[in-house]
Structure formats: C-alpha cells, structure tokens
2 protein chains.
Amino acid sequence: MNKPDKPSADQRLRYMYESIRQRIGMLHYPPGMMINEMQLANEFGVSRTPLRRVLQQLSYEGLVEIRNGVGTRVTDIDMKTFKDIYDLRILLAETMGSLSPNWVTDRHRKKLDEMIERARDLREKKNIDGYANLSNDLEALICDLIGSKPAREMTDLLYYQVARIWCSFLPNLDWDGVIGETLEELKGLSDALASSDVGTFGKVRATYLRLMLKKVSRYISSD
Amino acid sequence: MNKPDKPSADQRLRYMYESIRQRIGMLHYPPGMMINEMQLANEFGVSRTPLRRVLQQLSYEGLVEIRNGVGTRVTDIDMKTFKDIYDLRILLAETMGSLSPNWVTDRHRKKLDEMIERARDLREKKNIDGYANLSNDLEALICDLIGSKPAREMTDLLYYQVARIWCSFLPNLDWDGVIGETLEELKGLSDALASSDVGTFGKVRATYLRLMLKKVSRYISSD
DNA sequence: GCAGCGCAATCTATATACAGCTATAATGCA
DNA sequence: TGCATTATAGCTGTATATAGATTGCGCTGC
C-alpha cells in the first residue's frame, strides 16, 4: 500500500530539530532571542516533552542555552570561539583526502554544477537567505564526501555553530566580492571533483575558509 | 552558611551522566547490554524523565542506542569507525600546539608526575580498572591543555567513544609491554610540560596513539 | 528617598499516567 | 508439521500536572 503513514517518532523529532536549526542558522531566530517551549510545542502540534528533547540536543550542540527557571535562548558566539571553530574547520578540510574519503559520483558533480548556477543567479540579485541555502547545501555535499563518520559529524556540527554568525556579517560585506569568491571556490571544487580528487577538494575548501575568516576578521578586530 | 544544599538540577544530571559514562567506559556496562530506564531511574532516585535526558545525550554521543519499543543498549563500535576515530584523535593531538593551547602550570606538571607514580604501581600489579582510571585522568589533563573549546570537547568525545573498546582489548595484550610504553609516554609528556611546550606534548601523544592503534590492529585485522 | 524583604509571574525540571511500537510466544488453520 | 496470524509483555514515546528556580516588581520600614 505505502499510504502516507503518520511519521515515526524519529522522523517527527528530526523534522522539529532541522526546522529549529535552520531558523537559528538563518537568523530568523537571532542570537539572544528567547524561545518559549509551550509556544513552539503548540506550533509543531506536540507536547513540551518531545520539543524539549530537541532543544536539549540543540543545547548540547551549542545553538541554544537552557537555564533553569529563566528560559531557553539562542546563543551568541564570542570571537575567540568563532576563530577556534574556523581553525578546526580548516584543519578538517585540509585532511579530507587522508581521512577515509568517500567515492566521488556523478551525482556529486551534478549537484555542484547546479550550485554554480545558483551562485551566478545570486550575483545578479543580492539575497541573503538564498546565499544561506546555497551554503547549507554545499556543506551537505562536502559532508557527503567524508567517509569518516566522526569527522563528518564534527564538520557538520562546526558548520552550524558558525553559519549564523557568518550570515550576520554578510549584509556588511561587499556582496560582489563575496559572491565572486564563492563562485571561484565552487569552480575550484568542481575541478577537483572532475578528477575525483577529494584531497585537492578539501585543500580548495580550506583556502576559501581562510579567506572568509580573514574577510570577517576585519570587522571583528575592532571589538 | 554554605550548608550542604540539595544539588541543583544541573549537578544531578551531570552526576548521572558521568556515572553512566564511566560504567560504559569501564565495561561494567559492556557493549550490547540492555539498559532499563525504570531500573536505572530508581537506582538514582529519580523518575524516568531526567534519566532519559541523560540517556539521550549518551545516545547523541554514540555510547548507547535508543530504539523505540525495543530498549536502550550500549553500542559496539565497528572497526572502521574505531580506526577513523583514532585517526581524528591523532590529528587533533598533532595540532594541539597550534590550536590555541592553554598555559602549562605547575598543577599540570604535578598531576602528571602523580600519574607516573600510578603507572609504576600498575607495572607491579595488573589492574584493568586502575589502568582505565589512569587513562581517564590523563585524558582530562590533556583536555585541560586545549584552549580551543570546540577542539577540547571533540577530543573528550572521541576519547570516550573508543576508551571502552581499548579496555576490552587490554586483557589480551601483553601487560608489561603496554604499561612500559605508557610509562614512556608519560615521561615524554612530562618532559614536554617541563619546557611548557604544548606542541611537543601533542606530538608525543600522537606518537603513542599511533602505537596503541597498531597494537590493537593486529587483533582486529583477523576480523 | 532608599534599602531590603517578600510575593507573584514565568519559566524550566520532574513525576507519572497513558499511548504506541516491537519482538516474541502462543494459536489456529491448511 | 509448518506457516501465518494474533495476542501479549515489555519497552520507549508523549501528554500533562505539579514542583522548583529565577527574576522583577512592589511594598514596607527606616
């Protein structure tokens, strides 16, 4: 039959988790915002119990902070942690080739080519959410090339911890410059995939992670 | 006054978390063992709700697996993941010096010297639990030298994911050889601390992580 | 005016009853 | 006897009421 069954508990939890994580990543829930458990639970049509389970995971991942008697708020990131996370991401990217990489498939290459198209469209028209979505999809592609499960999970975690901070700087940066470099990165990554070279892929990625960190650092050093 | 107040919710959760994690790490809860929520909750004198919160965190960390309608069981680790985790640990150890290290204090040096004494005692008398405790304490010391919060958390996480597997091999390995190499490692680490050189400290650590992986690999390759 | 205390509002933490899922054993039919 | 189906026991998932923590406001007394 395969009728549209009610989703399983795991699926429901996963849906709530990804929804909230995306809202935080896209700054729809900006740092400092208080999250009301009852209200969110009602929105998802569940009780507080499963919603709290999701919030606890997000808390463990550092995206929200739960304080007894006070509330749950979206976290901010201090600049030292921001840089520390970037350093780790760069390290993980540089070693992608040696930490049991996955096989490159045509699906990867096709997805990446689609992203290049999307980046070209973004060059014409500034669109922060569009950039954030592109960024998310690229990260998913990268994780798909990491064969080491712990390295993959770590890479994903670190990305979502800083994605929103990066997004918050985006409006202040030179849009054409950012998109231009993103396009260059995507092309470089595409070339690496063409020769199925995950090692080079990671090194290209690392280069642009450094570049983006440097770009943001200018705005931070004045803190 | 500072009377012995009832511990806070966070403290109670932390206590349960660390208790269970230690039991898993020391193989008192071996891989495959089923954990009964109600029974454990009773043991800690709480209801299922806070206990489940702890189990969910352990599940997120990969130490237990929760399956709806079935139960919660201590996970096992396949050999690929085991090696992947070791590769990451080695990578993190090697870069300890460059990822914002903490300052070395006399407290660190003193603790390490105490560990050398404990290792000497273990050489006389084989004691798996004693070795596991020493190993845990060394890992805590190492984490204390990591200034990068994300790197520290990751290092800790990876350690506890493989500690029990390592412990399960310990009875099959040559005790004198293992203790001898552990002593050498501790002395090497102590020398690095003497000159406050976290970079060398990490490189020594990486060397012995490789050695231990190699030692265990012999038993695994036959799988 | 102000300092300190206490109350109330609001949030998270916990206990508990119940619903839903899964694996297994029992049962009935071919 | 063998297989499919169904009952059932035992587990996790969810809803909800209550307890506990924290903050801020307002009252009171000096």
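Just checking, how many residues over region A:95-142 are farther than 21 Å from A:E181 by Cα and surrounded by fewer than 16 Cβ atoms within 10 Å (Cβ to Cβ)? Number of matching residues: 6. Taking region A:39-53 as the range and being in a helix (DSSP H, G or I) and within 9 Å of DNA strand D (Cβ to nearest atom) as the test, the residues that pass are A:A41, A:F44, A:R48, A:T49, A:P50, A:L51, A:R52, A:R53. Over 18 Å from A:M26 (Cα atoms), outside the structural domain of A:P31 (by TED's automatic domain parsing) and among the charged types (D, E, K, R): is that true of A:D144 in this structure? Yes, satisfied.
Within region B:59-72, if we keep just the residues that are under 19 Å from B:L158 (Cα atoms) and open to solvent by 20 Å² or more (accessible area, probe 1.4 Å), the residue that is farthest from DNA strand C (Cβ to nearest atom) turns out to be B:G62. Is it true that some residue in region A:197-210 is without any contact (Cβ under 8 Å) to a residue 40 or more places away in the chain, more than 14 Å from chain B (Cβ to nearest Cβ) and not hydrophobic (A, V, I, L, M, F, W, C)? For region A:197-210, residues without any contact (Cβ under 8 Å) to a residue 40 or more places away in the chain, more than 14 Å from chain B (Cβ to nearest Cβ) and not hydrophobic (A, V, I, L, M, F, W, C): present.
For region A:24-51, a residue qualifies if it is charged (D, E, K, R) and open to solvent by 100 Å² or more (accessible area, probe 1.4 Å), and the qualifying residues are A:E43, A:R48.
Residues checked against (1) within 14 Å of another protein chain (Cβ to nearest Cβ); (2) part of a helix (DSSP H, G or I):
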position	(1), (2)
B:I77	yes, no
B:F82	yes, yes
B:R89	yes, yes
B:A93	yes, yes
B:K110	no, yes
B:G130	no, yes
B:D137	no, yes
B:L141	no, yes
B:R164	no, yes
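Is region B:13-23 home to any residue that is in contact (Cβ under 8 Å) with a residue 60 or more places away in the chain, part of a loop (DSSP other than H, G, I, E, B), assigned by TED's automatic domain parsing to the domain that holds B:L63 and crowded, with 16+ Cβ neighbours inside 10 Å? Within region B:13-23, none of the residues are in contact (Cβ under 8 Å) with a residue 60 or more places away in the chain, part of a loop (DSSP other than H, G, I, E, B), assigned by TED's automatic domain parsing to the domain that holds B:L63 and crowded, with 16+ Cβ neighbours inside 10 Å. Residues in region B:167-176 that are open to solvent by 20 Å² or more (accessible area, probe 1.4 Å) and assigned to a helix (DSSP H, G or I): 6 in all. Within region A:26-40, the residues that satisfy the criterion of being at pLDDT 95 or above, among the hydrophobic types (A, V, I, L, M, F, W, C) and within 22 Å of the chain's Cα centre (by Cα) are A:M33, A:M34, A:I35. For B:I66, the conditions (1) in contact with a strand residue (DSSP E or B) (Cβ under 6 Å, 6 or more places away or on another chain); (2) touching a residue at least 12 places away in the same chain (Cβ under 8 Å) are fulfilled apart from (2). Entry remark, region A:26-72: residues being at positive phi and more than 14 Å from chain B (Cβ to nearest Cβ) number 4 in total. Condition check for B:K215 on (1) over 30 Å from B:M33 (Cβ atoms); (2) open to solvent by 10 Å² or more (accessible area, probe 1.4 Å): one failure, at (1). Filtering region B:61-81 down to residues that are touching a helix residue (DSSP H, G or I) at 6+ places or on another chain (Cβ under 9 Å) and within 12 Å of DNA strand D (Cβ to nearest atom), which residue is nearest to B:I128 (Cα to Cα)? Here the residue is B:V74.
The values are calculated or read from the model by the stated rules, or taken from the named source; none is laboratory data. Only a predicted model underlies this, so the values are computations on that prediction, with no experimental measurement involved. Cβ sites come from the backbone with ideal geometry, for glycine too, and all protein chains shown count toward neighbours. Side chains are part of the model used for accessible areas, which takes the heavy atoms of the whole protein and leaves out ligands, DNA and RNA. Shrake-Rupley method; radii C 1.70, N 1.55, O 1.52, S 1.80 Å.
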